[in-house]
Amino acid sequence: MNKADSERLESAMGQMGLSSTDSPMNADVIVLNSCVVRQSAEDKVTGLLTSLKPLKNTARNPILGLMGCMVGPNQDTLKKKFPYVDVFMQPQQYEPLIDVLGEKLGVDPEGCVGPLSAKPDVTAYIPIIHGCDKFCSFCIIPYRRGREISRTVDEVVFETKQLTQKGVKEITLLGQNVDSYGHDLPGKPDLGDLLTALNELENLERIRFLTSHPNDMSDHIIDSVANLNKVCEHINLPFQAGDDTVLNNMRRGYTNYHYRDLIDKIRSRIPNVSLSTDLIVGFCGETDVQFEKSLQLIEDIRFDKLHAASYSTRKGTISDRMMTDDVPLETKKKRLEIIETVQKDILTESNASLVGETFEILVEGRKRGKWFGRNRNDKLIYFQSEAARKGEMINVIIVDSSPWSLSGTKIPEQVSL
Ligand code: SF4
């Protein structure tokens, strides 16, 4: 979500005639886009802001902006703490900076905020719903990003069309809980309706979406992924914990049984679907036995991607106010290590089983002398080729694997006679 916000701001600034530079020393405008999902992320932003302060006393005196989740509706405390910051912007609301720049540069800011105006990449993120209504006990997001607000189907379709005209081939629809898209709109279109409308667009090759919530993953969404040819067979479905008491304390609203049942349904309706997930270890009161249930779930489901984080309390959340962060740091670290080892073994095995298979990939670029792209299942694939082009769809046969990626060889196109 932050990446998408940064891209939009960069685009708006590009339209005003500004371009990026590789050092803060050379910049006339410096914006930090903050994440507060973990305390360490917020600490990093605070440290960086402090280190940028001396630049305000140089001849260049850059405009300093802070945006993202660190900026809530009331900015008094932040203004006192960082009096040298010129502009504070809540998530997605970077108009204040554009106004300041417009004044300074003598450019009319009208029209600079909106869909991407600079040349985007071949893949793009499109936020479709902002905020979250769920209030999981460990999470700060609903307090910082506010309640759910969906963009209309027409607005998203229009933006996507514009992006495809600029060469974008794949879009990822974003939301803290993308599955609850549309409930606040007239007529209540859902994510399945939006996917159906986007599937019709010419020149768009692929559609993905992030992040889902087990309670809102409806049959209509699952069937849309199964039936729409441009929607990729990949679902990110965080489970967060395998034990029902821990899930209840997290206020996630589902059980281990419900989650497994949903996975069975998704797998039975979408052949070859790949699944990714997020989980937290060491949540307040989590015992070894309760942690084992998370581990068992990982071993049983065998996710294609997993992001595990150890619990750290966030001030103002329900768990901070009502529970005790009582799992020792060492135990949290140990649990993370166990999960990472198990997941690595799963991926070593499952990726090795893909050697010899052929996948269609969208070429995204070049890294360390090799081309790379992703297949529909979101597997990262490297390949060697003299004649590849960013943005083209090619077929690659897999020749080697590691837990984190695959390598292959481009299959030459068939010449039709
Ligand atoms: S659904 Fe996600 S964003 Fe919303 S409160 Fe829960 S963890 Fe946070």
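The values are calculated or read from the model by the stated rules, or taken from the named source; none is laboratory data. Keep in mind it's a predicted model, so treat the numbers as computed, not measured. Please note that ligands, DNA and RNA were not included when accessible areas were found on the heavy atoms of the full protein model with its side chains. Shrake-Rupley method; radii C 1.70, N 1.55, O 1.52, S 1.80 Å.
Table for the structure above
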item: Average Cα contact separation per residue, the chain, under 8 Å, 6 or more apart, as relative contact order %; result: 11 percent
item: Scattering curve values for the range 13-57, log₁₀ I(q)/I(0), Debye with Cα scatterers, q = 0.15, 0.16, 0.27, 0.30 Å⁻¹; result: -0.49, -0.55, -1.00, -1.07
item: Set of lysines with alpha-carbon distance to Lys230 below 16 Å, sequence-local pairs under 8 removed; result: Lys161, Lys169
item: Distribution of pairwise C-alpha distances over the range 1-90, 10 Å bins, in %; result: 15, 50, 32, 3
item: Shape of the range 48-198, Cα gyration tensor, a/c cut at 1.5; result: oblate
item: Rounded to whole Hz, the Karplus (6.51, -1.76, 1.60) HN-Hα couplings of the range 142-150, x for glycine and proline; result: x, 6, 8, 9, x, 7, 5, 9, 8
item: Convex hull volume per residue for the chain, taking Cα atoms only, in Å³; result: 171 Å³
item: Antiparallel DSSP beta bridges within the chain, percent to nearest 5; result: 40 percent
item: Ratio Rg/Rh, restricted to the range 313-372 and using Cα atoms, in which Rh is the Kirkwood radius; result: 1.25
item: Whole-Hz couplings from phi, Karplus 6.51/-1.76/1.60, listed for the range 357-372; x for Gly and Pro; result: 7, 10, 10, 8, 10, 9, 6, 9, x, 10, 9, 6, x, 10, 7, 8
item: Whichever aspartates and glutamates have a C-alpha closer than 20 Å to that of Lys53, once near sequence neighbours (fewer than 8 apart) are set aside; result: Asp22, Asp28, Glu42, Asp43, Asp76, Asp86
item: Carbon/sulfur fraction of accessible area - the chain, other protein chains in place, 1.4 Å, %; result: 50 percent
item: Flagged links, alpha-carbon separation over 25 Å, of Lys265/Lys293; Lys265/Lys332; Lys3/Lys134; result: Lys265/Lys332
item: Whole-number Å³ per residue for the convex hull built on Cα positions in the range 122-215; result: 96 Å³
item: Anchor Lys379: aspartates and glutamates whose Cα lies under 16 Å away (excluding residues fewer than 8 positions away in-chain); result: Glu170, Glu233, Asp304, Glu349, Glu357, Glu360, Glu364, Asp400
